């Protein structure tokens with residue numbers, strides 16, 4: 001597999017982890033020192049991966065509700081052969097998020113070292 005294929009496989013693990021609320025996959029794709037950032041409420045919100053993983057593990061998964069998958073890679077910015085920023089969009093229940101995921105390739109393969117996320121829109125329930 002190429003570096004690009006390996007990176008895209010890691011992005012798929014991220015999509016799968018959130019769709020299934022699978023903390024094992026989530027913890028495998030995030031570096032243990034990573035944090036998540038958001039500024040949607042006018043201030044910077046920072047959450048360590050341990051907290052985010054616990055939150056995801058406590059959610060009802062979109063998969064268990066039979067929600068159709070809506071996730072896509074929007075752009076990839078290769079910083080080097082071992083680092084990239086991937087812009088993605090995904091839906092989880094009524095929330096549509098856009099994330100910038102900072103990936104670095106190390107001994108454990110491609111892992112997310114930082115995530116900046118934004119709630120792009122809410123979809124009204126049918």
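How do 41, 47 rank when sorted from fewest to most other Cβ atoms within 10 Å of their own Cβ?
Numbers: 41 8, 47 16.
So the ranking, lowest neighbour count to highest, is 41, 47.
For the chain, what is the mean residue ellipticity at 222 nm derived from helices alone (per DSSP H run of n ≥ 4: -39500 (n - 2.57); sum divided by total residues; nearest 500 deg cm²/dmol)? All intermediate terms of the calculation are to be shown ahead of the outcome.
Values: 3 runs with 34 residues, N = 126.
About -8000 deg cm²/dmol.
Between 90, 18, 74, which gets the highest mean-square fluctuation from a Gaussian network model of the chain, Cα cutoff 10 Å?
So, out of 90, 18, 74, the one fluctuating most is 74.
If you average the alpha carbon positions of region 65-118 and of region 11-53, how far apart do those two centres end up, in angstrom?
10
What are the extents of the Cα atoms of the chain along their three principal axes, listed from largest to smallest and rounded to whole Å?
44, 34, 26
Can you sort 8, 30 so the residue with the fewest Cβ neighbours within 10 Å comes first?
Sorted ascending by nearby Cβ count, the order is 8, 30.
If each residue's Cβ is checked for other Cβ atoms within 10 Å, how do 78, 117 rank with the fewest at the top?
Least to most surrounded, the residues fall as 78, 117.
Pairing the Cα long axis of helix 3-20 with the longest principal axis of the chain, what angle in degrees results, from 0 to 90 and rounded to the nearest 10?
The helix 3-20 is inclined about 20 degrees to the chain.
We did not get these values from a lab; they are worked out from the coordinates using the rules stated. These numbers come from a predicted model, not from an experiment. Cβ sites come from the backbone with ideal geometry, for glycine too, and all protein chains shown count toward neighbours.
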